[in-house]
Amino acid sequence: MEPIHKSVLLKEVLNSLRVKPGEKYIDATLGQAGHSLEIARMGGLVLGIEANPQTLSWVEGYLNNLKDPELTNRIKSVRGNFRDLARIAAGSGFNGAHGVLFDLGLSTFELKESGLGLSFLKDEPLDMRFDPESQEVTAAGLINSLDKGELYGIFIKFGEERDAERIVSAIVRGRRIKKIETSCDLVALIDSAYQPKLPGHGLTGHLAKVFQALRIAVNEELESLKDALPQAFEVLQSGGRVCVISFHSLEDRIVKETFNRWAEEGLGTVLSKRPVAAGEKELKENRSGRSAKLRMFEKL
């Protein structure tokens, strides 16, 4: 089994966490364990939290296939949402952690193999739930049931889509004719909003914003991040660090404002007055990192 995901800002994260043998680190978004494996290779002990049972199953199989128990025994994987970070950390013996990492991007597995309809490039059921076993509301459920104003609010708030009214109108017209069930159904309706095509008009940006907005709404991502950051601070020991990689302005704003507030309250130091971005060399090898921003905070 070969890894299918390349972790973004890996070197920068390891340097920021100041990984040392025997110390405890929490990877709040285990994904395909790219960051966790490197922390473990440096001797760190890792608690990896993963909400998606499919992703967790994949990564556990991958770690087992490495046939290196000395390495993989340093990684404890737990199914859960980082919204419950403090409870999970306490139950796993990871209070007093030296570092907590959030990588808020989607893994390659989730985009290409999960079958959740997270990508507009594949024809899959429009689900988008990170944990289908515990979450009820799907993206298709929202698209087919919300009224025009509610859909408009989601696309504006979570996708920052300036053409939300045009797109919503096309969706509402289309769902009267046929229920929207797959990612391709949604793509076709968004495409219909721009017919006839304008010269030089690109659809990709609109698709990305709509799919992002639906995913955030289904998984309550921004609320979860707001809940999780104070818990990350709580489980850290003095001198420990929180590192967050965000991929859009909505996430980055929450992280920036939270870190600044902590600093103003005298709880520690913001280590990233400006977010760290991927360098030219990394972007040549990993285009998915082009929007990644890393911010760091050190607890007093």
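For the range 257-292, name all the residues that are surrounded by 20 or more Cβ atoms within 10 Å (Cβ to Cβ) and under 23 Å from Ala97 (Cα atoms).
Within the range 257-292, Thr258, Phe259, Trp262, Gly268 meet the criteria.
Quick one: Arg215 ticks every box in (1) among the basic types (Lys, Arg); (2) assigned to a helix (DSSP H, G or I); (3) more than 30 Å from Ala140 (Cβ to Cβ) bar one, so which box is it?
It fails just one condition, (3).
Table: residues versus (1) farther than 21 Å from Glu12 by Cα; (2) assigned by TED's automatic domain parsing to the domain that holds Val100; (3) modelled with pLDDT under 95.
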{"residue": "Asp227", "(1), (2), (3)": "yes, yes, no"}
{"residue": "Val242", "(1), (2), (3)": "no, yes, no"}
{"residue": "Lys256", "(1), (2), (3)": "no, yes, no"}
{"residue": "Val270", "(1), (2), (3)": "no, yes, no"}
{"residue": "Ser288", "(1), (2), (3)": "no, yes, yes"}
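Out of curiosity, is Arg129 more than 28 Å from Gln54 (Cα to Cα), among the basic types (Lys, Arg) and either at pLDDT below 95 or surrounded by 14 or more Cβ atoms within 10 Å (Cβ to Cβ) (or both)?
It is false that Arg129 is more than 28 Å from Gln54 (Cα to Cα), among the basic types (Lys, Arg) and either at pLDDT below 95 or surrounded by 14 or more Cβ atoms within 10 Å (Cβ to Cβ) (or both).
Please go through the range 96-113 and pick out each residue that is surrounded by fewer than 24 Cβ atoms within 10 Å (Cβ to Cβ) and part of a loop (DSSP other than H, G, I, E, B).
Gly96, Leu104, Gly105, Leu106, Glu113
Step by step: first the residues of the range 272-286, then only those that are more than 19 Å from the chain's Cα centre (by Cα) and part of a loop (DSSP other than H, G, I, E, B), then the one that is modelled with the lowest pLDDT. Which residue is that?
Gly279
For Asn73, indicate whether it is over 16 Å from Val242 (Cβ atoms), surrounded by fewer than 20 Cβ atoms within 10 Å (Cβ to Cβ) and either among the polar types (S, T, N, Q) or free of Cβ contacts under 8 Å to residues at least 24 places away in the same chain (or both).
Numbers: over 16 Å from Val242 (Cβ atoms): yes; surrounded by fewer than 20 Cβ atoms within 10 Å (Cβ to Cβ): yes; either among the polar types (S, T, N, Q) or free of Cβ contacts under 8 Å to residues at least 24 places away in the same chain (or both): yes.
Taking the combined requirement at face value, the residue satisfies it.
Does Phe130 satisfy the criteria of being outside any helix (DSSP H, G or I), among the aromatic types (Phe, Trp, Tyr) and not assigned by TED's automatic domain parsing to the domain that holds Arg253?
Values: outside any helix (DSSP H, G or I): yes; among the aromatic types (Phe, Trp, Tyr): yes; not assigned by TED's automatic domain parsing to the domain that holds Arg253: yes.
Taking the combined requirement at face value, the residue satisfies it.
Quick one: which of Arg176, Arg261, Arg166 is in the same structural domain as Asp27 (by TED's automatic domain parsing) and among the charged types (D, E, K, R)? Don't jump to the end; show me each part of the working.
Details: Arg176 fails: in the same structural domain as Asp27 (by TED's automatic domain parsing); Arg166 fails: in the same structural domain as Asp27 (by TED's automatic domain parsing).
Being in the same structural domain as Asp27 (by TED's automatic domain parsing) and among the charged types (D, E, K, R) holds for just one of Arg176, Arg261, Arg166, which is Arg261.
The values are calculated or read from the model by the stated rules, or taken from the named source; none is laboratory data. Just so it is clear, the structure is predicted and the values come from calculations on it, not from any experiment. Note: ideal-geometry Cβ built from the backbone for every residue, glycine included; neighbour counts use all protein chains shown.
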